[in-house]
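Note sheet for the following structure.
The values are calculated or read from the model by the stated rules, or taken from the named source; none is laboratory data. On a predicted model such as this, the values are computed, not experimentally measured, just so you know. Every residue, glycine among them, receives a Cβ derived from its backbone with ideal geometry; neighbour counts consider all protein chains shown. Surface accessibility is based on the protein's heavy atoms, side chains included, excluding ligands, DNA and RNA. Shrake-Rupley method; radii C 1.70, N 1.55, O 1.52, S 1.80 Å.
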Amino acid sequence: MAPLPPWIKTRIDDELNRKLTQRHVVETMLEADRPYFSAEQIRARVRPDVSKETVRLRLNELLEIDVIAADTYPESITLYYVNHPESQWPLSPEGRDALAYETPLDTLSVGDFVRLRNPAGIRTLVLAGFQLSLVLFAVGIVASPLASDPIVRSTNAYWEAAGNLFVVCFVLLLLERTVRKLRDDGAAIAGVRLGRTNSN
């Protein structure tokens with residue numbers, strides 16, 4: 001069992017004569033591979049002979065000392081999670097960092113795509129395809145009065161669609177990077193001006 005983080009150790013009350021200690025509840029939550037727990041889920045994990053009231057009592061004590069936090073949802077469901085001070089999420093800082101750099105498309109491999117094994121990644125890809133098809137429709141509406149032909153032309157309709165989609169994606173990427181650079185430069189200039197105004 002991994003040692004408790006120092007910020008938890010300094011807050012909890014280590015009373016060994018209790019049937020269920022604060023330490024045991026927190027260790028159970030930290031060991032599990034999930035962020036949220038109901039009182040019943042915690043009771044099932046700690047020991048079956050502990051009553052739900054005892055678990056709720058320990059949870060309320062941990063809430064009072066800010067070791068855990070809780071969210072209440074409709075139908076009176078309360079879910080508890082470790083209140084990590086480094087994170088605004090109901091996740092450990094490591095879990096938050098992992099999610100920050102991992103999107104459904106990041107986890108979608110060619111094998112998963114061919115076997116349709118990653119539903120979240122495939123749904124994200126499909127939704128992106130729907131949005132890009134709307135962009136192409138909009139481009140077609142604008143290009144129609146101008147009597148402008150597609151940039152990429154081919155005798156194969158699929159290749160032509162793929163080529164034009166690639167061009168649209170490339171242009172969108174360039175536009176996004178240009179706008180982001182202009183915003184960052186504008187924010188930097190505004191910050192310099194604000195700094196000068198404050199120093200005067």
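Here the stretch 116-180 has 72 percent of its accessible surface on carbon and sulfur atoms, given a 1.4 Å probe and all protein chains in place. Inter-label distance, Leu165 to Gln131: 1.5 nm, where each label sits 7 Å from its Cα along the C-beta direction. Each label was represented as a point 7 Å from its Cα along the Cα-to-Cβ direction; for Thr10 and Val110 these points are 5.2 nm apart.
A full extension of the chain between Asn60 and Ile141 corresponds to an added length of 23.1 nm, given 0.36 nm per residue minus the alpha carbon distance. Once the chain from Asp33 to Leu174 is taken as fully extended at 0.36 nm per residue, the excess over their C-alpha distance is 46.8 nm. Taking 29 Å as the straight-line reach from the Cα of Lys19, the lysines in range (excluding those fewer than 8 positions away in the same chain) are Lys9, Lys52.
Distance between the modelled labels on Lys181 and Tyr73, one decimal in nanometres: 4.5 nm (7 Å Cα→Cβ projection).
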